[in-house]
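Notes follow the structure.
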Amino acid sequence: MENMKQVFNFNTINEYNAFNNHEALHPLVSVLDFSKANQRTGSRMNFGIYCIILKDVDCGDLKYGRNYYDYQEGTLVFISPGQVVDVENKAYYQPTGHGLAFHPDLLHGMPLAKSIHEYSFFSYQTNESLHLSKRERQLVLDCFLKIEFELQQSIDKHSKKLIASNIELFLNYCDRFYDRQFFTRDKTNKGILEKFEELLNSYFTSEKPQTIGLPSVAYCADELHLSANYFGDLIKKETGKSPQEYIQNKILDIAKNKIFDNDKTVNEISYELGFKYPQHFSRFFKQHVGMAPKEYRISNELIL
């Protein structure tokens, strides 16, 4: 009979330190060397803390959630409070790499408390990891070293500010690295953009608008097996538009074509597109085109 997978809850830094055989230097933050941890097998981890993991080498068949962990040498994974990481590995393996863990309480009173939610990569799926170049990896390790240096000092009135500032600096570098990744993985991104376009085209030629309504960003991201945040950032970098704007433009293009069909009423077009009420469609169209659907039809008839 297969053993039940172990479940670990990490609500404090001390709990995560103990799990990885690390001495607690500070109650709210820790820099970790995972090679100090004991060998372990598959487990389910519930996080109540922020955790950034730098994986150095392939350490077995790891799977997070429904997706295989997409990593090479030098990959960063971001975990935020409330997330669950499911590691499927029947064989024992030796963890390697480095990590930074900090409790949300560390941010209280710090500028980072207001901006932490702007780092959208904390909401990416684990298969949307950040792949580092050798220089970027070294910069990450340097950031970890600066934080660790502060942890080894006697705690004084400057400690919290310096630690939080170094974490913020590290996260800002990660923001830059993700921007670089969106461009260097251009071929992959274009494939996703093409799939997004195909998804919208097939959506509006099906009965889904009438049964589901207008396509949402969350729906499209889920269909493309991406987190909403990663999907949003990728489309924005690739097109200069948010996914919502992209969807709206698609709706307008289809609406304009349908309006040229004089056999269709505005109410029928509204229903076919997935608007709940015709007046919502008319308001949406006028807001983006500058005139009501009927006015647009008449004006184009005059031009033709």
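Please treat every number below as a calculation from the coordinates, not as lab data. Quick caveat: nothing in here was measured; it's all calculated off a predicted structure. Positions of Cβ are generated from backbone atoms using ideal geometry, with glycine treated the same way; all protein chains shown enter the neighbour counts.
Observations on the structure shown:
- Considering only Gln153, Gln83, Gln244, the mean-square fluctuation computed in a Gaussian network model of the chain, springs between alpha carbons under 10 angstrom, is largest for Gln153.
- GNM remark for the chain: springs join alpha carbons under 10 Å apart, and the peak mean-square fluctuation among Lys55, Lys276, Lys160 falls on Lys276.
- Loop-located GluC sites (Glu not before Pro) in region 174-266 whose Cβ has at most 12 other Cβ within 10 Å (DSSP): Glu207
- Per-pair calculated FRET efficiency, R0 = 35 Å: Lys237 and Asn21 via Cβ, rounded to 0.05: 0.30
- Separation of the alpha carbons by more than 23 angstrom is noted, of Lys241/Lys264; Lys195/Lys237; Lys161/Lys236; Lys250/Lys276; Lys55/Lys237, for Lys241/Lys264; Lys161/Lys236; Lys55/Lys237.
- When +1 charges are put on Lys and Arg Cβ atoms and -1 charges on Asp and Glu Cβ atoms, the dipole computed for the chain relative to its Cα centre reaches about 420 debye.
- GNM top mover of Lys157, Lys208, Lys114 - the chain, alpha-carbon springs below 10 Å: Lys157
- Residue order, fewest to most beta carbons within 10 Å, for Glu136, Glu118: Glu118, Glu136
- Residue separation of Phe149 and Lys276 scaled by 0.36 nm, minus their Cα-Cα distance, works out to 39.9 nm of gained length.
- Each Cα pair under 8 Å and six or more residues apart adds its separation to the average, and for the chain the resulting relative contact order is 14 percent.
- His288 paired with Val7, simple spin-label distance in nm, labels 7 Å along Cα-to-beta-carbon: 4.5 nm
- In the chain, the DSSP beta bridges split such that about 85 percent are antiparallel, to the nearest 5.
- The chain: calculated mean residue ellipticity at 222 nm from DSSP helix runs of at least 4, using -39500 (n - 2.57): -15000 deg cm²/dmol
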